[in-house]
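Data first, discussion second: the structure below is written as structure tokens.
Nothing in this text is a laboratory measurement; each read-out follows from the coordinates by a stated rule. What you are looking at is a predicted structure, and each value in this text was computed from that prediction instead of being measured. A quick note on method: Cβ atoms are made from the backbone with ideal geometry, for glycine too, and the neighbour counts reach across all protein chains shown.
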Amino acid sequence: MIDFSDNAILNGLKACHSGSVKYIYKNYFPLARSFVLKNSGIQQDAEDVFQDGIIILYEKIRFGSITLNCSLKTFFYSICKNIWMQRLDRKWRLLYQADFVNESYEDYEPIQIEVKEEEAEKKRLYHLHLLSLPPDCQKILGMFLSKASLKEIAECMGFKDINYAKTRKYLCKNMLRKKILNDPQYKMFFLYE
């Protein structure tokens, strides 16, 4: 297997190359899974934490807020560790009232990475349904989210004009919205908001 540099992986993720995601999954997932399983988790928890970690890493890359002071593998492990510790902390707070537990979340956070659990769950649901769209819709919405203009989208997709690009973007967004609204997880998750 080819060993990629941290910069190659980051650039691959930024360009949405599936090879980078596969590389991270193959090389980084066992470490995250091991941590979750050793800390009261199950395989499904590990997969969820890993997926949330990928989303957070991708967003940090996309918005340029990533500065590596360590290897990418260590950085990603810290993201996953913080996600899992935050979930455990929330779970224990629900089981035991705050009067019984005197530990704070800061005890578990060696690297300050702000992760909001609810946002990560919403993003996971969004990405799940985005990936179920046809490839052309994925590309159109990906470009739209990357702040590409309608003219750029039309040129890249080979559309004759920007009006057609606008229509296609609307149809793809609508298809995604319907998939999310019909998802039972969406109904359960957003029922309490």
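Using 0.36 nm per residue and subtracting the Cα-Cα separation, the extra length available between R62 and K91 on full extension is 7.4 nm. Label separation (S5 vs L31): 1.9 nm, computed from points 7 Å beyond Cα along the C-beta direction. With 29 Å as the limit, the listed pairs K60/K169; K38/K73; K26/K178; K81/K147; K123/K147; K22/K122 have K26/K178; K81/K147 beyond it between alpha carbons.
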